[in-house]
1. Across the range 69-92, which residue is farthest from residue 133 (Cα to Cα) among those that are buried (at least 16 other Cβ atoms within 10 Å of the Cβ), among the β-branched types (Val, Ile, Thr) and touching a Ser or Thr at 6+ places or on another chain (Cβ under 9 Å)?
2. Give the residue that is farthest from residue 49 (Cα to Cα), with candidates limited to residues of the range 101-137 that are surrounded by fewer than 21 Cβ atoms within 10 Å (Cβ to Cβ) and among the aliphatic types (A, V, I, L, M).
3. Pull up the range 162-181, narrow it to residues that are touching a residue at least 40 places away in the same chain (Cβ under 8 Å) and charged (D, E, K, R), then point me to the one that is farthest from residue 65 (Cα to Cα).
4. Would you mind stating whether residue 147 is buried (at least 21 other Cβ atoms within 10 Å of the Cβ), modelled with pLDDT of 95 or more, in a loop (DSSP other than H, G, I, E, B) and not charged (D, E, K, R)?
5. So, in the range 38-55, of the ones that are touching a strand residue (DSSP E or B) at 6+ places or on another chain (Cβ under 7 Å) and not in a strand (DSSP E or B), which residue ends up surrounded by the most Cβ atoms within 10 Å (Cβ to Cβ)?
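The values are calculated or read from the model by the stated rules, or taken from the named source; none is laboratory data. All values reported here derive from a predicted model rather than from experimental measurement. Don't worry about glycine lacking a Cβ; one is built from the backbone with ideal geometry, like all the others, and counts go over all protein chains shown.
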Amino acid sequence: MKITSTSIADVFVVEPQVFSDGRGFFYESYNQRDWLRQTGLDSTFVQSNHSMSLQGVLRGLHYQIGRPQAKLARVVVGEVFDVAVDLRKSSPTFGKWVGVCLSAENKKMLWIPEGFGHGFLVLSPVAEFLYKTTDFYMPEQERCILWNDPDVAIRWPLTGDPVLSQKDAAGVFLDNADLFD
């Protein structure tokens, strides 16, 4: 596995070693021993999620305030633009974002640590998105920042308006959000 830093130190891209031949491919999508050795993070994943979305769907920017989750995200069908936003008020990168294209083809993964909002935009006709979390989903703890908050100013690769859930359309601006210290 290869770890690549991003413009926000705590967020990084993970590229597995892929073994390909005429039959197809194989790779370890996660190995706890290698993860600890290369990242220094003793992460314990307690939940694994799988979503399917159509092109133009934007999910996020989600986070849990009282029970924060770190996430390791990847795509197994299609392509998405995956985004992490620093919501830690004491951080030098507070309000900054990182965006990475994850696809079934490139097999990259994105590590989104606790204290970050997370969202993605589907770029392909369909995408299947998988992510492991370090805490359980708790709807009463979930919060949502608006995808188009001008203070965050994410440069989504959009050609029109995204398709949003009611929950995501009702997100709040960063300056009105519950945040991390």
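1. This residue is 80.
2. 123
3. The extreme case among them is 168.
4. Criteria met by residue 147.
5. Only one residue fits best here, namely 45.
Yes/no per residue for (1) in contact with a Lys or Arg (Cβ under 9 Å, 6 or more places away or on another chain); (2) assigned to a loop (DSSP other than H, G, I, E, B); (3) touching a residue at least 24 places away in the same chain (Cβ under 8 Å):
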{"site": "13", "(1), (2), (3)": "yes, no, yes"}
{"site": "30", "(1), (2), (3)": "yes, yes, yes"}
{"site": "33", "(1), (2), (3)": "no, no, no"}
{"site": "36", "(1), (2), (3)": "no, no, no"}
{"site": "62", "(1), (2), (3)": "yes, no, yes"}
{"site": "75", "(1), (2), (3)": "yes, no, yes"}
{"site": "84", "(1), (2), (3)": "yes, no, yes"}
{"site": "91", "(1), (2), (3)": "no, yes, yes"}
